[in-house]
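So the structure is just underneath, and the comments pick up after that.
The values are calculated or read from the model by the stated rules, or taken from the named source; none is laboratory data. Because the structure is a prediction, the values reported are computed rather than measured. Cβ placement follows ideal geometry from the backbone for every residue including glycine, while neighbour counts extend to all protein chains displayed. The area values use the complete protein model at the heavy-atom level, side chains included, leaving out ligands, DNA and RNA. Shrake-Rupley method; radii C 1.70, N 1.55, O 1.52, S 1.80 Å.
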Amino acid sequence: MNVIIDENDAGIRLDSFLTGILNGFSRSKIQNFIKTGSIVVNGEVKKSSYILRENDVAEINIPDEQEARIQPQNISLDIVYEDENMLVVNKPSGMLTHPTAAEKENTLVNALLFKFGDNLSDINGEFRRGILHRLDRNTSGLLMVAKNNQAHEFLASQIKNHTITKKYRAVLKGNYPLDEEVIDLPVGRHPNQPHKMMVREDGKPSKTILKVLKRFGDATYVELTLITGRTHQIRVHTSYKKFPVYNDTLYGAGKGKVNTEEQVLQSYYLRFTKPFSDEIIELQIEPDEKLQKVLKYFESRAK
């Protein structure tokens, strides 16, 4: 498969990046793939320490990948918006956005291939057909999909230039001290745990606007507007502030009394320009079951 490096992954080592996306392979195994030419960048063999640049193309041809075919699966899709060039789906919590080396079934891409076949952009390779941006497995909500490469480029330009508005809902652990705050902290890859991100001085500029919607004493319901769109940005920013997303065990929240699939976080609002027009599309969805469950618990305790 081919993977085009976006601004979130530029600036990190090749082996660190691959360790994050090729689940099931050790770092040493991946370094051996790089050394033997099974993984190349822009058609050239690079060292494991090569620092990735935006728009680099990583070509992954390890044996499992050569044999892999992403199979269409008849999985229900909650399509919130659709036109001739794109669609927006409401991805459920627990679903991977696209396949990985270790998991090739039951992802959003498997479902998209069943419904749309070849009518999906292939700019980001077979494993990411139609995918413009990602949501973490346990983050639910609105996600844009391109039906062709021209629409992909049109929408990707809006993402790169930060002209798309993306808002999230979340429950945070603890009583957030401010009613509204702009969190402006650089985010980069964790040096020892490549599957994680962290606030670091040499990270990429990252900005989140946080607004408190409701307080429960030991938890806070918030709206988060992304000004930038770094990997795990909301989870990293809130964790750094010592108010991690509820049930986000990867970023220090621990398991709360309400049992859910990891982080209680939803992408609930999108505003963008429709491909090849000046029409503004604005979409909003209701809180998902996970959010409703946690909110109901804290609201019942507040009575």
(request) State yes or no: is I123 open to solvent by less than 50 Å² (accessible area, probe 1.4 Å) and either of a type in the set (S, T, Y) or modelled with pLDDT under 95 (or both)? (result) yes
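For the subset of segment 230-240 comprising residues that are in contact with a strand residue (DSSP E or B) (Cβ under 7 Å, 6 or more places away or on another chain) and open to solvent by 20 Å² or more (accessible area, probe 1.4 Å), which member is farthest from L87 (Cα to Cα)? Reasoning before the result, please.
Filtering segment 230-240 for residues in contact with a strand residue (DSSP E or B) (Cβ under 7 Å, 6 or more places away or on another chain) gives 230-238, 240.
Next, only the ones that are open to solvent by 20 Å² or more (accessible area, probe 1.4 Å) stay: 230-232, 240.
Working: R230: 22, T231: 22, H232: 23, Y240: 34 Å.
Among them, the one singled out is Y240.
A quick yes/no check of all residues on (1) farther than 18 Å from P287 by Cα; (2) at pLDDT below 95:
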| site | (1), (2) |
| --- | --- |
| I234 | no, no |
| P244 | yes, no |
| Y251 | yes, no |
| K255 | yes, yes |
| E262 | no, yes |
(request) Exactly one condition in (1) assigned to a helix (DSSP H, G or I); (2) modelled with pLDDT of 85 or more; (3) open to solvent by 20 Å² or more (accessible area, probe 1.4 Å); (4) not charged (D, E, K, R) is not met by F17; state its number. (result) (3)
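Specify which of the listed residues (N259, N192) is under 22 Å from M95 (Cβ atoms) and open to solvent by 30 Å² or more (accessible area, probe 1.4 Å). Talk me through it step by step, then tell me what you get.
Numbers: N192 fails: under 22 Å from M95 (Cβ atoms).
Going through N259, N192 in turn, the sole match is N259.
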(message) Just the residues that are over 15 Å from T19 (Cα atoms) and of a type outside the set (A, V, I, L, M, F, W, C), please, taken from segment 32-55.
(response) T36, G37, N42, G43, E44, K46, R53, E54, N55
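Sort out which residues of segment 42-64 are among the β-branched types (V, I, T), open to solvent by 30 Å² or more (accessible area, probe 1.4 Å) and assigned to a loop (DSSP other than H, G, I, E, B), and write them in order of number. Give the steps one after another, and end with the answer.
Step one: filter segment 42-64 for residues among the β-branched types (V, I, T), giving 45, 51, 57, 60, 62.
From what is left, the residues that are open to solvent by 30 Å² or more (accessible area, probe 1.4 Å) are 45, 51, 57.
Passing the criteria: only V45.
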(message) Could you list, ordered by first residue, the pairs with Cβ atoms under 9 Å in which the first is in segment 157-174 and more than 14 Å from L132 (Cα to Cα) and the second is of a type in the set (S, T, Y) and open to solvent by 40 Å² or more (accessible area, probe 1.4 Å), at least 6 apart or interchain?
(response) T163/S157
(request) For segment 21-41, name all the residues that are open to solvent by less than 30 Å² (accessible area, probe 1.4 Å) and in contact (Cβ under 8 Å) with a residue 60 or more places away in the chain. (result) I21, L22
(message) Quick check on segment 262-279: of everything there that is part of a loop (DSSP other than H, G, I, E, B) and in contact (Cβ under 8 Å) with a residue 60 or more places away in the chain, which residue is surrounded by the fewest Cβ atoms within 10 Å (Cβ to Cβ)?
(response) F276
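Mind listing just one residue for me: the one in segment 280-300 that is assigned to a loop (DSSP other than H, G, I, E, B) and out of contact with any helix residue (DSSP H, G or I) (no Cβ under 9 Å at 6 or more places or on another chain) and, of those, farthest from D83 (Cα to Cα)?
Residue satisfying both the conditions and the ranking: D288.
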(request) Report yes if some residue within segment 110-127 is under 28 Å from K290 (Cα atoms), aliphatic (A, V, I, L, M) and in contact with a helix residue (DSSP H, G or I) (Cβ under 9 Å, 6 or more places away or on another chain); otherwise report no. (result) no
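Yes/no per residue for (1) surrounded by 15 or more Cβ atoms within 10 Å (Cβ to Cβ); (2) of a type outside the set (S, T, Y):
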site: Q71; (1), (2): no, yes
site: N85; (1), (2): yes, yes
site: H98; (1), (2): yes, yes
site: L132; (1), (2): yes, yes
site: T139; (1), (2): yes, no
site: V145; (1), (2): yes, yes
